[in-house]
Each structure stands twice: as C-alpha cells, then as structure tokens.
1. Please go through the stretch 83-137 and give me each residue that is in contact with a Cys (Cβ under 7 Å, 6 or more places away or on another chain) and outside any loop (DSSP other than H, G, I, E, B), ordered by number.
2. Quick check: anything in the stretch 125-134 more than 30 Å from Leu194 (Cα to Cα) and open to solvent by less than 30 Å² (accessible area, probe 1.4 Å)?
3. Where in the stretch 195-263 are there helices (runs of 4 or more DSSP H), lying fully within it, with 3 or more residues that are at pLDDT 90 or above and within 37 Å of the chain's Cα centre (by Cα)?
4. Give me the residue from the stretch 55-72 that is modelled with pLDDT of 95 or more and of a type in the set (D, E, K, R) and, out of that set, least open to solvent (accessible area, probe 1.4 Å).
5. Need pairs with beta-carbon distance below 7 Å; first residue without any contact (Cβ under 8 Å) to a residue 12 or more places away in the chain and within the stretch 65-88, second of a type in the set (Gly, Ala, Ser); sequence gap 6+ or separate chains.
6. Take the residues of the stretch 1-54 that are assigned to a strand (DSSP E or B) and within 22 Å of Asn226 (Cβ to Cβ): which is most open to solvent (accessible area, probe 1.4 Å)?
Amino acid sequence: MPEGPELHLSGLYANRVCAGLHFAGKVEKSAVSKNSEVPFCNPKYTISAVARGKEVKLILTPASDKNEAASVIFRFGMSGSFKFTTEDDLPKHAHLRFYTKDSPRHVLSFVDPRRFGSWEFNGSWQPERGPCVMTEYEKFRENVLKNLSDKAFDKPICEALLNQKYFNGIGNYLRAEILYRLHIPPFMQAREVLEAVKHQDQNGDLSLSKKIKIKKENPDLLQLCNSVPLEVLELGGKGYDPENAVDYTAFGTWLQCYFVSGMKTMKDSNGRTIWFQGDPGPLAPKGNKAKKPRKSLAVKPKPVKVEKTASKRKTLTVKLEEKEEIDGEEGGETRAKRKRRVKEENVVQEEETKKGQRAKRIPRGRKTSKEPERDVSRRSSHRGSAQKTPSKRGRATKSQTEDAATPKPRSQRLKSEKPQKSPKPRPRRLKSDLSATPRNSPKVKTRAKRKSTVHDAEAKS
C-alpha cells in the first residue's frame, strides 16, 4: 500500500510532468469506476500537486481566471498512482483522465488496478487525519505528546503507529524500519514508549545545545517518524514500485527489517504483519507464534560465472573429439555413426521378431492340444447342472492337471433327477403361423378356383 513517501513522490512526479503544459476539455472518468464524476471543463488550465500524509491534491487552475481554481483530492488505496502517457498508450486501469491541449495529446491519468482508491472534487483534507509526519513535523510531535492519555496509546506501539490521527503518513514497512532501528519490541505499550520521549523533552537541567546533540546521536521515535520517510524520498522514483527496476533495487537495498530474511513476523490484532527482531513484547497476541518470512525484498546480486567452468567445458569437448578421431581411425567410423548403425540394426531385429510372432499365431477355432474330445451331446440343457471349467488365465491346480490328463466320463442325468421348480421353455410361434390364413376363408377358395381353371385350360390346349 502506498505510504507517505510514495504519495509525496507522486505529487512531485505530477508537478514535473505537468510543468509548462496546458490542459483542456472535460475531465473523463472510466465507466468501471464507482467514484463520483469530476464536473470540471475548461478550454485551458494548468495542473499542480500538493501532498499531505497519505493524501494528494491536484489543483486545476484556469488560464483565464486563477481565482476559479478547482481541486481534486486523491487517496491511493492499495495500488493507486499517477501516469503520464500519450493518448494512444493509455493505461488499462486509468479511471480518471486529464487531457492536454496541444497535439499530440498526452494524458495525466490516475491508475488504480484494484480500485480501492478514491477522489473528491473540491474537497478538503480529511479532518480525522493529523499533521503530516514529513512536512509538519513540529505540529505532528506536539499532537502526539499532548494526547498520550488517549485510548489509542493503550495499544501496542506497532498498532499505534498505523493510527493516522497521530501518525499521518506512516505505514506497514515504515513502522517496521523505525522500531527495528530503535530496538523497540513491537508489542510494547505505546504510552510507555512515548512517555520516555516526553520526559526527555521536559528535562530542564540540560542546555539546548546538549539536547540537540543527544537527539542527533540518539534520535527518538518521533524523530525517526520524520527522518526515515525522508530517506525514502531521497531514493527518488516510486520507492517500492517493482515496475521500475532501478527504483526497486535501490529500495530493496535500503530496507533493513521489512521483508528481510532472518527477521521474525507476527500479526497484530488488525491482521497486519509486523517484521521485527528479538522479543515481540508483553502485549503480543496469545497463541500467535512468530514466524520467519519465506521471501525477501532485498535484492541480492547474481552469482558471477567463474571462468574455470568454461575452461573445463573446453577440455571436455577436446577430449571427446580426440576419442572420436581415435575410434574413427581404428574401426573406420566415428562414435556417432556407430550409434546410428546399432539403432538401425535394433529396429530391423525388432521387425523380424514381430513377423515371426505373427506367423506363429494360431487362428481361432483350431485346437492345439491332443486331448481326447468329450461327449457333450448327452449334457443336460439345464445350465446349473454343468460344472464350471477353470479359466484360461487362471493358474491350474494339481487336481485340475490330473483331470486334464485322464478325463472321466460324465454321468447321464435322468429326467426324474431334474429339479421340479425348473422353468419350462415357452413354445415359440413362427411368423408364418401367425400370418397364415385358415383353409375355409374366402381367399383360399378363390385361389383354388383360379388354379383349377388354369389347369383345365392347359389340358385342353
């Protein structure tokens, strides 16, 4: 999620790309976005940006009358950012677009793939947000130390640092880096940590020069809330953005705790993961064990290939070539040719064996064994009386092999031995019987008369 430094970098980016350009026309909103329309349309206006904590304000100033300036305040959510492109190269998730007047037309667009970001036309800074930790440091420090009695400071220090009412601009990776540098357990009570800072400020025995020296050598928590985000601003670019490889590598090498291998992780009561080292603190959630992260954002240099490997490969190839030459001189063929010849011989041999197996196959219906034929004519028609013969695939037992050698005559069953409840076969009717006409029918008589007349005519002739 973009934090205070990223919002400030986005404001600086908008000021840089929009400097000296004039915009015109209507501010367009994508049909997909659920945010409100921006009812601003002017034939010629300029754009400038101001950042405060986790908010950025774009100021739209008409060229005709600067007093009629409008503004749009952006909250970036999880994935918001500004991009300046040509009209043809418009980003896919550009949900709010400002078009330039001159051709070729360019577009300053608010890009938000996850659509968690929002904007407000002619709005104001959110009142529940405190002073910015970077641009309003004195107000930020005073706001925190005056309100230590608030319930927000009963919570662990890692959760209090995400409260934008007092720490406007601090996010997940910044709190991890700040607590790591001061060796403060993340689940220590926030009031206990900040009361020590307040006591140090109220110590009147020290002179002003000594206080300044102590703060430079041993900065407190509130000082790091200002200096650590400023370090990210000095990196330039977009900080953690992995799309820009140069900025990402610089940010990865700058990290000391967040997503660094060897650090422990634990989730707070809000479900946010905190990276730390050492003891988590007395207010750690019960049953929540610290874990080690699998990945690391710190960019590791790629291992350089050693020249020895290349030399080894060369020596191996030379040795193989020498062996092939020696084999060619002795046998009249190289190793590769020999492999091909052996493969061809194997294929021919397999084909010959297949042909021989096909020739040896016996057609169905012919008997191969010389066993005496059994008398099957006297078998009973009842299926249950016949004994089951062993299957061809099953293994023959000792008794089965003896029976096969000397077959015994089967005893004939009398009709009286048949089971009484055996079903009797139903007589079938032929189609000819069903379709036959009776002899006394008129059709048969007419046919007989015709035959007799024909027979008499033939006898007379």
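The values are calculated or read from the model by the stated rules, or taken from the named source; none is laboratory data. Computed from a predicted model, the values in this text were never measured in an experiment. Heads up, the Cβs are rebuilt from the backbone with ideal geometry, glycines too, and the neighbour counts pull from every protein chain shown. Accessible surface areas use protein heavy atoms only, side chains included; no ligands, DNA or RNA. Shrake-Rupley method; radii C 1.70, N 1.55, O 1.52, S 1.80 Å.
1. Of the stretch 83-137, the ones in contact with a Cys (Cβ under 7 Å, 6 or more places away or on another chain) are 108, 133.
Of everything in the stretch 83-137, just one residue is in contact with a Cys (Cβ under 7 Å, 6 or more places away or on another chain) and outside any loop (DSSP other than H, G, I, E, B), namely Leu108.
2. Within the stretch 125-134, the first condition is being more than 30 Å from Leu194 (Cα to Cα), and the residues that meet it are none.
The answer is no, given that none of the residues of the stretch 125-134 is more than 30 Å from Leu194 (Cα to Cα) and open to solvent by less than 30 Å² (accessible area, probe 1.4 Å).
3. 221-235
4. Step by step, filter the stretch 55-72, then rank; the result is Glu55.
5. Sorted first by the residue in the stretch 65-88, then by its partner, the list stays empty.
6. Among them, the one singled out is Val50.
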